[in-house]
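Visitor: Before I ask anything, here is the structure I am working with.
The values are calculated or read from the model by the stated rules, or taken from the named source; none is laboratory data. All figures in this text were calculated on a predicted structure; none of them were measured in a lab. Positions of Cβ are backbone-derived with ideal geometry, glycine not excepted, and every protein chain shown enters the neighbour counts. In case anyone asks, the SASA skips ligands and DNA or RNA and just uses the protein heavy atoms, side chains included. Shrake-Rupley method; radii C 1.70, N 1.55, O 1.52, S 1.80 Å.
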Amino acid sequence: MKITIIGTGYVGLVTGTCLAETGNEVLCIDIDKDKVDKMQNGVVPIYEPHLDVLFERNIDAGRLTFSTNLHQGLDFGEVIFLALPTPEDEDGSADLKYVLGVAKEIGEYITSYKVIVDKSTVPVGTAEKVRETIAQNAKTDFDVVSNPEFLREGFAVDDFLKPERIVIGSSSERAKNIMQRLYNPFVRSGNPIIMMDEKSAELTKYAANSFLATKITFMNEIANYCQKVGADVDKVRLGMGTDTRIGKRFLFPGIGYGGSCFPKDVKALHKSGNDINHHFKILEAVVDINENQKTILFPEILDYFKNDLNNKTIGIWGLAFKPETDDIREAPALYMIEKLLDAGAKIKVFDPEAMDNVKAKYGDKLYYASDMYDTLNDVDALLICTEWSIFRTPDFEKLRQLMNNHVIFDGRNLYDVEEIKTQKFSYRSVGRQFV
């Protein structure tokens, strides 16, 4: 099948590459000429485990190509995926200008039947708006399908190739049959392709992400309560997670969620509700609590240094919003960096993948370490913001030799409290006793 992907951001590039991996011919369109030139030369513009192998293989096989020519893309594909940005607007809603702008060009240019697939995360009713925009100028039949992505950064290739479920929103049997044929190679183990109407499909993505964000936020509230009453959130988490109605995942407390999806999607669903006088009070609380949670350890740092961070140097391990990605959008580390800089602290940072993105944002305001131990030369404290695996078993003897003060503020609860006592570090984490 011939597929066109419009937009080569995180979702578009993973989608295009993985669809090429099952034998489809895929043409990816992007307006950024420099980016397209790099991709044509085999350069993957994002960090995502295992993507580079598939990317190179399918380029070499001629199944994956790139262009800046939108009209070429509209001619090429039988199925056209819209994987375009839907950034958060000032009022919290999702901005559809890129999606509807391309929809207008689709209507003006297509000359044969196409299935137009909304792959971007979009509010309820977007498929209808896209359909109306295309129909204003279209002189041929077309269908619009909602097909939300459920890709976890750091696991996106596996999630696409082995999906738990695929959601297709369409009222057209012709479009459903095409989408079924396209996705059949990914569900041979029996995981479902769920067919529904377009609005339900659009809401499914928002509902799923908002529920997971709520689950994280609830555990952070429990952790903050544990801190005050002397309970251990790790034990509470284990006791809760073994209840199959609740499950073990997304119960890890810390310094809040970030990334490109949860913050934006929760706000967008909340705003969509307000627009029709339906108030998602839970989501309002989730947004407020998560905003505070990102800097929940800052008062502890201030307290330790007796409210004076001038000329104190803080080493930070982890800058991406989660491990196995270079994405720093809404990353808690950035919120902590702002607080620390405002308080007069000097900052040394290290992250296995996100350093370039942070350097582009902060320039020479920070010291960018060559490795995790270089971060700690002559620092007064270590702050952990991202749970990369390499941070889980450090050489504590080396830490003691490098650091001026033996204190760790752990925003991801990486270390066992009892074990850290034996290492003779002051240790403050989330929802557990201070050492």
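Visitor: Determine whether the stretch 367-377 contains at least one residue that is modelled with pLDDT under 95, farther than 19 Å from residue 297 by Cβ and open to solvent by 30 Å² or more (accessible area, probe 1.4 Å).
Guide: No, there is no match, as no residue in the stretch 367-377 is modelled with pLDDT under 95, farther than 19 Å from residue 297 by Cβ and open to solvent by 30 Å² or more (accessible area, probe 1.4 Å).
Visitor: Report the residue count in the stretch 259-296 for those that are of a type in the set (Lys, Arg) and not in a helix (DSSP H, G or I).
Guide: Residues meeting the conditions: 1.
Visitor: Go through the residues of the stretch 253-272 one by one and say whether even a single one is surrounded by fewer than 19 Cβ atoms within 10 Å (Cβ to Cβ) and without any contact (Cβ under 8 Å) to a residue 40 or more places away in the chain.
Guide: no
Visitor: Looking for whichever is open to solvent by less than 50 Å² (accessible area, probe 1.4 Å), under 23 Å from residue 155 (Cα atoms) and in a strand (DSSP E or B) here; the options are 115, 11, 26, 44. Which one fits?
Guide: Unique residue meeting the criteria: 26.
Visitor: Restricting to the stretch 76-101, give me the number of residues that are part of a helix (DSSP H, G or I) and either among the small types (Gly, Ala, Ser) or open to solvent by 30 Å² or more (accessible area, probe 1.4 Å) (or both).
Guide: Of all residues in the stretch 76-101, those part of a helix (DSSP H, G or I) come to 76, 97-101.
Okay, now just the ones that are also either among the small types (Gly, Ala, Ser) or open to solvent by 30 Å² or more (accessible area, probe 1.4 Å) (or both), so 76, 97-98, 100-101.
Adding up the residues that qualify gives 5.
Visitor: Checking the condition modelled with pLDDT under 95 and either over 23 Å from residue 337 (Cβ atoms) or basic (Lys, Arg) (or both), which residue from 272, 210, 200 passes?
Guide: 272
Visitor: Which of the residues that make up the stretch 135-151 are outside any loop (DSSP other than H, G, I, E, B) and either of a type in the set (Ser, Thr, Tyr) or buried (at least 24 other Cβ atoms within 10 Å of the Cβ) (or both)?
Guide: Of all residues in the stretch 135-151, those outside any loop (DSSP other than H, G, I, E, B) come to 135, 142-146.
Hits for the stretch 135-151 are 144, 145, 146.
Visitor: Kindly list the number of the only condition in (1) in a helix (DSSP H, G or I); (2) more than 24 Å from residue 20 (Cβ to Cβ); (3) hydroxyl-bearing (Ser, Thr, Tyr) that fails for residue 183.
Guide: With (1) in a helix (DSSP H, G or I); (2) more than 24 Å from residue 20 (Cβ to Cβ); (3) hydroxyl-bearing (Ser, Thr, Tyr) applied to residue 183, the lone miss is (2).
Visitor: Counting only residues that are of a type in the set (D, E, K, R) and touching a Ser or Thr at 6+ places or on another chain (Cβ under 6 Å), how many does the stretch 16-67 have?
Guide: 2
Visitor: Open to solvent by less than 10 Å² (accessible area, probe 1.4 Å) and within 18 Å of residue 33 (Cβ to Cβ): does that describe residue 73?
Guide: yes
Visitor: Related question: Within the stretch 164-177, which residues are part of a loop (DSSP other than H, G, I, E, B) and open to solvent by 10 Å² or more (accessible area, probe 1.4 Å)?
Guide: Correct list: 164, 165, 171, 172.
Visitor: Within the stretch 387-428, track down each residue that is more than 24 Å from residue 334 (Cα to Cα) and open to solvent by less than 30 Å² (accessible area, probe 1.4 Å).
Guide: Result: 396, 417, 420, 425.
Visitor: Quick test for you: out of 341, 297, pick the one residue that is under 28 Å from residue 226 (Cβ atoms) and either open to solvent by 10 Å² or more (accessible area, probe 1.4 Å) or modelled with pLDDT of 95 or more (or both). Please lay out each step first, then the result.
Guide: Details: 341 fails: under 28 Å from residue 226 (Cβ atoms).
297 is the lone residue from the list that is under 28 Å from residue 226 (Cβ atoms) and either open to solvent by 10 Å² or more (accessible area, probe 1.4 Å) or modelled with pLDDT of 95 or more (or both).
Visitor: Right, something else. Just checking, how many residues over the stretch 301-315 are assigned to a helix (DSSP H, G or I) and either open to solvent by less than 50 Å² (accessible area, probe 1.4 Å) or not charged (D, E, K, R) (or both)?
Guide: 3
Visitor: Give the residue, chosen from 356, 364, that is surrounded by fewer than 21 Cβ atoms within 10 Å (Cβ to Cβ) and either in a loop (DSSP other than H, G, I, E, B) or in contact (Cβ under 8 Å) with a residue 24 or more places away in the chain (or both). So that I can check it myself, show each step before the final result.
Guide: Numbers: 364 fails: either in a loop (DSSP other than H, G, I, E, B) or in contact (Cβ under 8 Å) with a residue 24 or more places away in the chain (or both).
Every option except 356 fails the conditions.
Visitor: Does any residue of the stretch 43-57 turn out to be closer than 23 Å to residue 115 by Cβ and not charged (D, E, K, R)?
Guide: The answer is no, given that none of the residues of the stretch 43-57 is closer than 23 Å to residue 115 by Cβ and not charged (D, E, K, R).
Visitor: Which of (1) assigned to a helix (DSSP H, G or I); (2) within 23 Å of the chain's Cα centre (by Cα); (3) in contact (Cβ under 8 Å) with a residue 40 or more places away in the chain; (4) surrounded by 22 or more Cβ atoms within 10 Å (Cβ to Cβ) is the odd one out, the single condition residue 58 does not satisfy?
Guide: Evaluating residue 58 over (1) assigned to a helix (DSSP H, G or I); (2) within 23 Å of the chain's Cα centre (by Cα); (3) in contact (Cβ under 8 Å) with a residue 40 or more places away in the chain; (4) surrounded by 22 or more Cβ atoms within 10 Å (Cβ to Cβ) leaves (2) as the failure.
Visitor: A further question follows. Within the stretch 152-163, how many residues are acidic (Asp, Glu), out of contact with any Ser or Thr (no Cβ under 8 Å at 6 or more places or on another chain) and either at positive phi or buried (at least 16 other Cβ atoms within 10 Å of the Cβ) (or both)?
Guide: So the answer is 1.
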